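The values are calculated or read from the model by the stated rules, or taken from the named source; none is laboratory data. Not measured: the values here are computed from a predicted model. Cβ coordinates were reconstructed from backbone atoms using ideal geometry, including for glycine residues, and neighbour counts include every protein chain displayed. Note: areas computed on protein heavy atoms with side chains; ligands, DNA, RNA excluded. Shrake-Rupley method; radii C 1.70, N 1.55, O 1.52, S 1.80 Å.
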Amino acid sequence: MTSDFATPPGLRHRQIPVRDTLLHVAEVGDGPAVLLLHGWPEFWMTWLPLMNRLHGDFRLIAPDLRGFGDSAKSATPRSDAGANCHGDDMAALIAALGLDNVGVVGHDVGGYAAQALARRHPQAVERLLFFNCPTQSVAGRWVHDGHVNEVWYQSFQQLPLAEAMVGLSRETGALYLRHFLTHWCHRKDAFDPVFEIWLDNFMKPGNWRGGFDWYRSQNAARLAAIDGHPTPSVKIHQPTRVHWGRHDPILKSEWAAFVPEHFDRAQISFCESAGHFVHVEAPDEAAEIFGEVFGDL
């Protein structure tokens with residue numbers, strides 16, 4: 001395995017009861033606490049490139065979100081595991097760790113969760129960093145100008161047959177997973193060193209379902225926003241940095257223009273060498289941005 005995805009010294013794992021579930025948490029370092037919230041198709045290991053660069057200066061806390069990775073799984077598909085659910089989970093996790101507040105990094109699903117956490121539990125969030133940042137202002141742009149061809153999976157993954165089809169065999173799982181880990185990347189080989197580990201993770205019982213539950217849970221809000229009726233929300237007041245991969249085909253970098261509609265104190269920058277997974281495709285640059293945001297916590 002490449003050094004980016006090596007196990008950093010002192011990495012520790014534990015299962016922590018949180019609300020009505022059990023979350024797996026990977027943690028390393030003893031400095032200021034920063035919570036790392038992954039997206040789909042990801043789990044805690046997506047943060048290893050940053051952990052390897054930053055563990056000497058920060059306490060990095062990387063949970064598997066509800067239904068993902070080695071966190072507890074639902075026995076049946078569910079539609080109540082949206083952003084607010086994940087945000088409340090994270091507030092409970094912060095409290096369970098004995099922390100008052102933390103820095104928060106969000107990506108993809110974790111970006112939605114971080115926003116819900118900041119709005120619903122503002123006292124728990126010191127400041128925020130997003131690698132690309134989805135907002136409700138994307139609205140109808142999800143399906144305009146040909147972008148509907150990029151978001152097909154958001155509907156497919158809600159179907160009862162999706163989990164059975166994708167998880168039918170290791171070959172079908174590999175075909176599906178590799179599509180996203182290459183198509184969404186500007187650096188197409190970014191996940192090559194750990195692809196089999198990624199596939200092992202998603203082939204565990206219930207792990208496709210855990211991710212697909214997110215799309216079931218967010219569907220009503222997504223459709224309402226597309227139809228021009230987004231869920232009302234207050235602006236986020238914590239200092240925020242958004243570092244957007246210029247070549248992201250699913251969360252277009254031009255949509256960074258909407259960030260000020262949702263954040264009072266947001267600084268926006270762009271990674272010219274990455275697509276969707278800035279923290280994996282350009283980890284040196286991501287670590288530098290991380291240090292700028294959280295260096296004085």
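What separates the Cα centres of the stretch 185-210 and the stretch 246-271 is a distance of 26 Å. With one equal scatterer per alpha carbon and no solvent term, the Debye-computed log10 I(q)/I(0) for the stretch 1-93 at 0.17, 0.19, 0.25, 0.26 1/Å reads -0.72, -0.87, -1.33, -1.41. Expressed in Å, the radius of gyration and Dmax of the Cα atoms of the stretch 93-152 are 14.8, 47. Of all DSSP-defined beta bridges confined to the chain, some 30% are antiparallel rather than parallel. Short-range pairs are left out: with C-alpha atoms under 8 Å and at least six residues apart, the relative contact order of the chain is 20 percent.
Close amide H pairs (under 5 Å, H built 1.01 Å from N) link CYS271 with TRP244, GLY245, ARG246, residues at least 5 positions away or on another chain. Dipole magnitude for the stretch 161-211: about 120 debye, using +1 per Lys or Arg Cβ and -1 per Asp or Glu Cβ, origin at the Cα centre. Per-residue surface analysis assigns SER74 an accessible area of about 30 Å², computed on protein heavy atoms at 1.4 Å probe radius. Comparing Cα centroids, the stretch 126-181 and the stretch 50-67 end up 24 angstrom apart. A P(r) calculated from all alpha carbon pairs of the stretch 117-224, with 5 Å bins opening at zero, reads 2, 10, 15, 19, 19, 17, 13, 5, 1, 0 percent. If you look at the Cα atoms of the chain, you get an Rg and a Dmax of 17.6, 49 Å. Measuring r between the beta carbons of ARG14 and ALA224 and using R0 = 41 Å, the FRET efficiency lands at 0.60.
Express in nm, to one decimal, how much length is gained between SER169 and ASP80 on full extension, taking 0.36 nm for each residue of separation and deducting their alpha carbon distance.
Details: separation 89, 0.36 × 89 = 32.04 nm, distance 2.78 nm.
Contour length minus Cα-Cα distance gives 29.3 nm.
Mean sequence separation of contacting Cα pairs (under 8 Å, at least six apart), scaled by the length of the stretch 246-297, corresponds to a relative contact order of 34 percent. Taking the Cα centre of the chain as reference, the dipole from Cβ charges on Lys and Arg (+1) and Asp and Glu (-1) amounts to some 640 debye. Rolling a 1.4 Å probe over the heavy atoms of the protein chains gives the chain an accessible area of 39 Å² per residue. Within the stretch 123-205, what whole-number % of the accessible surface is contributed by carbon and sulfur, with the 1.4 Å probe and all protein chains included in the calculation? Carbon and sulfur together cover 60 percent of it. Put simply, the convex hull of the Cα atoms in the stretch 74-178 casts, on average, a shadow of 8.7 nm². When all alpha carbon pairs of the stretch 193-297 are counted in 10 Å bins from zero, the resulting P(r) reads 12, 28, 37, 22, 1 %. For ARG246, the accessible area of its heavy atoms, probed at 1.4 Å with every protein chain present, is near 90 square angstrom.
Calculated [222 nm] ellipticity per residue, helices only, for the chain: -10500 deg cm²/dmol; basis is -39500 (n - 2.57) per DSSP H run with n ≥ 4, divided by all residues, nearest 500. Rolling a 1.4 Å probe over the protein heavy atoms leaves MET165 with an accessible area of roughly 100 Å².
Sum up the charges of everything whose Cβ sits under 11 Å from the Cβ of HIS237, counting Lys and Arg as +1 and Asp and Glu as -1, but leave HIS237 out. With Lys, Arg at +1 and Asp, Glu at -1, the net is +3. The relative contact order of the stretch 19-170, computed from alpha carbon pairs under 8 Å that lie at least 6 residues apart in sequence, is 21 percent. In terms of overall dimensions, the stretch 9-55 has a Cα radius of gyration and Dmax of 11.5, 34 angstrom.
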